[in-house]
Amino acid sequence: MASPKRSSISLSLLLAVAAIADPVPSTTVPVSPAVAVAAAIPAPTLSGSDKVGPVILRDETVSQVIELLQRWTGKTVLRPQALPANTYNLSLPEGATRDEALQALETLLSLNGCAVIGQGDKFLKVVPNAVARTETPALIAGSTLGLAPSGRVGAKIFHLEFIPATEFLTQLASTLNSTLGAAPIVFNRTNSILVTDSISNLQRIEGILKELDHPKIDFGSKVYTLEHANAADVVRKLTSLLSGPLSGRLSSGTTFSSDDRTNRVILLGDPRQQSFFDGLVAQLDVRSDPNTHTEVLPLRHANAPDIATLLTQLVTGQKAARAGTAATNANKRTTTTPAAPGATATPATPAAAVAAAAEQGGADEFSQSVTVVADTRSNALVVSGTADDLRLLKDLVDRIDILLAQVRIEVVIAEVTLTDNASSGLDQLGLTVTGSKLTGFSGAGAGLNVTNGSVFRTPTGDNDLSATIGLTSTPRKSDTNILSNPSVTTTHNKEATIFVGESRPVVTGTTSTPGATTGITTSSTVTQRDIGIQLKVLPLIGQDGSVQLQVQQSVEDILGTVLLDGNEQPRIGRRTTESFVSAKSGEIIVLGGLQRSQLTKSKNRLGPIAWIGDLLGGSKEEETKTELIIFLRPYVLTGTPVDNVDALRRVDDTVHKEAVRAIFDNKPGSPESSSK
């Protein structure tokens, strides 16, 4: 219902009244010359500012709306037979002008799936939205921002200056009227887009381009001339520092590169960021010591090649571990590198991320440039690297280049002939052995001089050998033969070797060469073969004075001879054992078990004639069993005069005692030595 102060009429009544009513004079508002669309041309008696309200449409058909549109524009409206069958409702206030009413009708038709298209000065077309693009809508040459927003369909070419047309069209797709048929057309060569849509949408697109189609930020450049640092090194450091999460803080167009010829860093990007780079480059371009130094580290105790190998393995392993950690971290996060102006920032390659991460090292990690070389002649290490590398290397060398603990090992090698009542050499000698250690004696055996009868430890933990073995170098005593009584001195984890025996020539190859006149000539290849007793001892010395010994025993005997290719070769018997024992300094270790059986034949000769006496005489076979017993007594050396007691005792047992003592007692620098 109409309000008391204003009346409302139906569309049919409005049209009838308008046909007979006198025109209402009004002020004519000129149309903007920028509007090139086929705008609604008012009838001669109706201007755009003339009031036409109030207007109320209730469930009107599209045909009635088109009739009203035709009346207000003064143009003939062309339409197809079928248009969307919707009903239209509209309420315009009393003060609504003709232009406002036309804008409302065109928008109302667009909302209901109908497009209004200008067709020259005298016609309008109303078609379904789906075919509007193919019905040659008017091409708007100028700006659309001066037009009244409405649902009338028009076409406009947008020329883009900075944004790629294809990229903008992708982002624009969601804002276009999807019911208007074909998609916009892109002209790549001119970087332009032809869009057909309602006046309202065209205005919105033009407004978006006005805001976005220009450089997002002012673009500038700056060149930094470096005085101390290397430009390429500074760029690598900047790339490393500003990668990862920090890359998002820079503008997408920020790049920095090095000019190696002039040693300058070139920065491209937002001028507002230049102050940040000014401070950062200034901090990096400072005078410093050379990146790497070279020093010679002399060694006092250790072997230079061994230490060089150890340090090289340590450095190589640490580099490999750091590179592996960097690769793992690079896979867990996405790092971006600055893109060129107008381009999209792309993720950094894993190799670049690993290299950047591996370049960064902690205070206790070696750099990529460290090297270690051994100088055998001076027993020194030639090391090269950064200041931190040299600090770490010196600290490691000081801890490794130490005097290792030494041990003197006294050895007695005895061969014991076993009787029928003795199953081993230990039984034959009357020794009590517990855990490979000599702990007691059951009596004095042949070749032994035993006092008291036990070996025990005092409450203080010192070794008190209350019974000592007096084995001498006498060739044979009854059933015990002392083969050797050597003493060796070695360091921690350094193998010592003792050999007692002989070297014999052994044929290792034979070559036959046919001669023209002399027949076949045979030549043999001969090498020297050590045959005897070999003892290898590898000591590991503990801080508490204990010694762990790895003992390898090898005994080779000549069992007889054999004829091979005309050459008489010795038959060699071999007995080997390997033992691992632990003892305190001064304890006696007993190793046995290397037994051998030998069958001997003897004849009793009758009469003075040799062959008749041997033939008629009797014969006897006898089997002899022997066992090799090895006594070891390790002494951990303390660096005091006590260490020389055993050596001096051995000197006193020789016939040259006085001469040797005179030399050792004459110390260099003493008054006695200077007077001679």
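The values are calculated or read from the model by the stated rules, or taken from the named source; none is laboratory data. Since the model is a prediction, treat every value here as computed from it, not as a measurement. Note that each Cβ is placed from the backbone with ideal geometry, even for glycine, and that neighbours are counted across all protein chains shown. In case anyone asks, the SASA skips ligands and DNA or RNA and just uses the protein heavy atoms, side chains included. Shrake-Rupley method; radii C 1.70, N 1.55, O 1.52, S 1.80 Å.
If you go through the stretch 508-532 and keep only what is touching a strand residue (DSSP E or B) at 6+ places or on another chain (Cβ under 7 Å), open to solvent by 40 Å² or more (accessible area, probe 1.4 Å) and among the aliphatic types (A, V, I, L, M), you end up with 520, 526.
Just one of the listed residues (586, 573) is open to solvent by less than 30 Å² (accessible area, probe 1.4 Å) and outside any strand (DSSP E or B), and it is 586. Within the stretch 74-91, one or more residues are open to solvent by less than 30 Å² (accessible area, probe 1.4 Å), at pLDDT 85 or above, under 22 Å from residue 125 (Cα atoms) and not in a strand (DSSP E or B). Mind checking whether some residue in the stretch 176-184 is crowded, with 18+ Cβ neighbours inside 10 Å, modelled with pLDDT of 85 or more and closer than 21 Å to residue 107 by Cβ? The answer is no; no qualifying residue exists. Scanning the stretch 147-157 for residues that are at pLDDT 90 or above and crowded, with 20+ Cβ neighbours inside 10 Å yields a count of 1.
Could you tell me whether the stretch 533-543 includes any residue that is modelled with pLDDT under 85, in contact with a Ser or Thr (Cβ under 8 Å, 6 or more places away or on another chain) and either at positive phi or open to solvent by 30 Å² or more (accessible area, probe 1.4 Å) (or both)?
No, because not a single residue in the stretch 533-543 is modelled with pLDDT under 85, in contact with a Ser or Thr (Cβ under 8 Å, 6 or more places away or on another chain) and either at positive phi or open to solvent by 30 Å² or more (accessible area, probe 1.4 Å) (or both).
Each row is one residue, and each column tells you yes or no for (1) within 55 Å of the chain's Cα centre (by Cα); (2) in contact (Cβ under 8 Å) with a residue 60 or more places away in the chain.
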| site | (1), (2) |
| --- | --- |
| 105 | no, no |
| 124 | no, yes |
| 129 | no, no |
| 155 | no, no |
| 158 | yes, no |
| 162 | yes, yes |
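Does residue 143 satisfy the criteria of being open to solvent by less than 60 Å² (accessible area, probe 1.4 Å) and under 24 Å from residue 192 (Cβ atoms)? Lay out the reasoning, then the answer.
Working: open to solvent by less than 60 Å² (accessible area, probe 1.4 Å): yes; under 24 Å from residue 192 (Cβ atoms): yes.
Yes.
When 411, 373, 354, 407 are screened for being modelled with pLDDT under 70 and of a type in the set (A, V, I, L, M, F, W, C), only 354 passes.
What is the one condition in (1) at pLDDT 85 or above; (2) open to solvent by 20 Å² or more (accessible area, probe 1.4 Å) that residue 34 does not satisfy? Of the numbered conditions (1) at pLDDT 85 or above; (2) open to solvent by 20 Å² or more (accessible area, probe 1.4 Å), the odd one out for residue 34 is (1).
Scanning the stretch 208-230 for residues that are at pLDDT 90 or above and either of a type in the set (A, V, I, L, M) or under 20 Å from residue 141 (Cα atoms) (or both) returns 223, 226. Would you please name the residue that is farthest from the chain's Cα centre (by Cα), looking only at residues in the stretch 164-194 that are β-branched (Val, Ile, Thr) and under 24 Å from residue 84 (Cα atoms)? Filtering first and then ranking leaves 179. Remark: pairs (first residue in the stretch 220-243, β-branched (Val, Ile, Thr); second residue open to solvent by 70 Å² or more (accessible area, probe 1.4 Å); Cβ separation under 7 Å; 6+ apart in sequence or on different chains) = 223/264; 225/264.
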